[in-house]
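Here the structure is laid out as structure tokens; the discussion comes afterwards.
The values are calculated or read from the model by the stated rules, or taken from the named source; none is laboratory data. Please read these numbers as outputs of a predicted model, since none were measured by experiment. Here the Cβ positions follow ideal geometry from the backbone for every residue, glycine too, while neighbour counts run over all protein chains shown. Keep in mind that these areas ignore ligands, DNA and RNA; they rest on the heavy atoms of the full protein, side chains included. Shrake-Rupley method; radii C 1.70, N 1.55, O 1.52, S 1.80 Å.
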There are 2 protein chains.
Amino acid sequence: MSGHLYGLGLGPGDPELITLKAWRILRAVPVVAYPAPDDGASFARSIVAPWLSPAQIEIAIRIPMEIARFPAQEVYDQAAVEIGAHLDAGRDVALLCQGDPLFYGSFMYLFGRLGERFRCEIVPGVSSLGACAAAAGFPLAARNDALAVLPAGLADDALARRLEACEAAAIIKLGRHFARIRALLTRLDLADKARYVERASLASERVLPLDAVALDEAPYFSMILLHRRGEAWK
Amino acid sequence: MSGHLYGLGLGPGDPELITLKAWRILRAVPVVAYPAPDDGASFARSIVAPWLSPAQIEIAIRIPMEIARFPAQEVYDQAAVEIGAHLDAGRDVALLCQGDPLFYGSFMYLFGRLGERFRCEIVPGVSSLGACAAAAGFPLAARNDALAVLPAGLADDALARRLEACEAAAIIKLGRHFARIRALLTRLDLADKARYVERASLASERVLPLDAVALDEAPYFSMILLHRRGEAWK
């Protein structure tokens, strides 16, 4: 009997925002795997570190920083071989995923490689979207609102066209794009209907109007929420 | 000292998909309030029923079915008065929300009425979006994909225009609109890149290709997920 592969959504960072189900599976599996930078600690692992046991085998999937935003094919190929060997040996493996496993997560690249060969269960988690909205007290959308999730890496004209086609939006993966996005939203007269949220649910969480953000570059864990009506319940 | 108002996201239905934080607060508060149909059981309450104590005061916010999709102003006005009285008396109140409180939830209507007068904490939950993706093993979006959440109540031309402006979409609140939406997606050549998901995370969960759905009318707890590339990781 081969092992089960679990994709565990761990939520946005506050350890208390993991689900009872992820918490149960996390402590039951003999092997945990997680994405990590080339050199340094894994954010996904840090969320649940207090609950890991020394008896558990850990696999760090080290994704070189310069290609972190692209599928690092060879890295995932190799991780799939290593994880597949544990599954073949009958050991269950949990892949730790910050946020929700299928919402812009790297989990899909391993799921694409292993999902057909092994029994796989995906445990959804609290996404950064819900966490940022909660931090800001900013309802995302109501009734017949179209809500768009837009990566900040899109070019200005593509973003503007997509913003036209929705009442509400979350602009994610801000990073080095922050200043450009703020200028675009100002030009589109949307800046005063937007809120900036950084590191939602962590102790370092911050919620700011766009013009109060001092940086040209935002951290990776940040997003802008906006609603054309200002507030979704209006 | 007035009480705290909590907006508790309870996730999509499986009781194990509530967060540790919601679970803790749920059992600690003296008053719980929840939306309920005119006549019958509250879905939000049913998720956590085994953990409620007879000592807790319960407030059912009964929303007449025929206006369930619109803000029922008088109902929320009256609920705000009732909940406000408990908060004024120093009793913490938890508002139970299926899914995530700020993702198309009715919680925002009470938050709009009480959020400024009382200390309020919102606990994000696993949304139907993440739950449906997990049930279907369907990654929502990757890299620079724009992901649109589109209510099925939108007219065909509005939907088509919004679908043009995204790589991936979740069409929610299907209900009586299902047959029309399926016809639209077929016309747009997107039907074979879509999956239908019903009652994600519940025992009655179903995942189907669109042409295998026998009904003209889908249940309220259903959505269609689609990705232009067929699969997000491609």
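Please give the per residue accessible area of region A:146-234, computed with a probe of 1.4 Å over protein heavy atoms only, in Å².
Values: 3840 Å² over 89 residues.
So region A:146-234 comes to 43 Å² accessible per residue, rounded to a whole number.
To the nearest 20 Debye, how big is the dipole of chain B about its Cα centre, given +1 on the beta carbon of each Lys and Arg and -1 on that of each Asp and Glu? Write out the running numbers ahead of the final one.
Numbers: 25 positive and 27 negative charges, 102 e Å.
So the dipole magnitude of chain B works out to roughly 500 debye.
Summing Lys, Arg as +1 and Asp, Glu as -1, what charge do residues with Cβ under 14 Å from the Cβ of A:Ala44 carry, A:Ala44 excluded?
Numbers: positive: A:Arg45, A:Arg62; negative: A:Asp14, A:Glu58, A:Asp100.
Here the charged neighbours net out to -1.
Using a 1.4 Å probe on protein heavy atoms only, how many Å² of accessible area do A and B hide from each other, summed over both chains and rounded to 100?
Values: alone 11660 and 11640 Å², together 18850 Å².
Protein heavy atoms only, the A-B interface buries about 4400 Å².
Positive end of the charge dipole of region B:71-205 (Lys, Arg +1 and Asp, Glu -1 on Cβ, about the Cα centre): tell me which of B:Ala148, B:Ser127, B:Val81 has its Cα farthest that way.
B:Ala148
Quick check: the distance between the Cα centres of region A:1-26 and region B:110-156, to the nearest angstrom?
Between the Cα centre of region A:1-26 and that of region B:110-156, the gap is 20 Å.
Going from the alpha-carbon gyration tensor of region A:19-126, what semi-axes, largest first and in whole Å, does one get by taking the root of 5 times each eigenvalue? Don't jump to the answer; show the numbers that get you there.
Working: eigenvalues 73, 56, 41 Å².
Computed over region A:19-126, the values are 19, 17, 14 Å.
Pick from A:Ala212, A:Ala94, A:Ala33 the residue whose mean-square fluctuation is largest in a GNM of chain A, springs joining Cα atoms under 10 Å.
Of A:Ala212, A:Ala94, A:Ala33, the most mobile in the Gaussian network model is A:Ala212.
Not counting ligands, DNA or RNA, and with a 1.4 Å probe, what is B:Arg143's accessible surface area in Å² rounded to the nearest 10?
Near enough 80 Å² of accessible area.
Peptide A:17-30: average number of partner chain Cβ atoms within 10 Å per residue?
Values: counts 9, 3, 12, 10, 8, 5, 4, 1, 1, 0, 0, 0, 0, 0.
Across the residues of A:17-30, the mean count of other-chain Cβ atoms within 10 Å is 4.
Where both residues lie in chain B, what percent of DSSP beta bridges are antiparallel, nearest 5? List each step's numbers first, then the result.
Working: 15 of 39 bridges.
Of all bridge pairs located within chain B, approximately 40 percent are antiparallel.
Can you classify region B:135-234 as rounded, prolate or oblate using the Cα gyration tensor, where a ≥ b ≥ c are the square roots of its eigenvalues, rounded means a/c under 1.5, and otherwise it's prolate if a/b beats b/c and oblate if not? Mind showing how you got there, number by number?
Details: a/c = 1.67, a/b = 1.15, b/c = 1.45.
It is oblate, given that a/c is not under 1.5 and a/b is not larger than b/c.
Determine the percent antiparallel among the DSSP beta bridges restricted to the protein assembly as shown, to the nearest 5.
Numbers: 32 of 82 bridges.
Around 40 percent antiparallel, to the nearest 5.
For chain A, set up a Gaussian network in which alpha carbons nearer than 10 Å are linked by springs, and say which option among A:Asp156, A:Asp39, A:Asp100 fluctuates the most.
A:Asp39
Say each of B:Arg119 and B:Arg229 gets a label point 7 Å from the Cα, pointing the same way as Cα to Cβ; how far apart are those two points in nm?
Calculated label separation equals 4.6 nm.
Counting only helical runs of four or more DSSP H residues, what would the 222 nm mean residue ellipticity of chain A come to if each run contributes -39,500 (n - 2.57) and the total is spread over all its residues?
Working: 7 runs with 67 residues, N = 234.
The per-residue figure over chain A is -8500 deg cm²/dmol.
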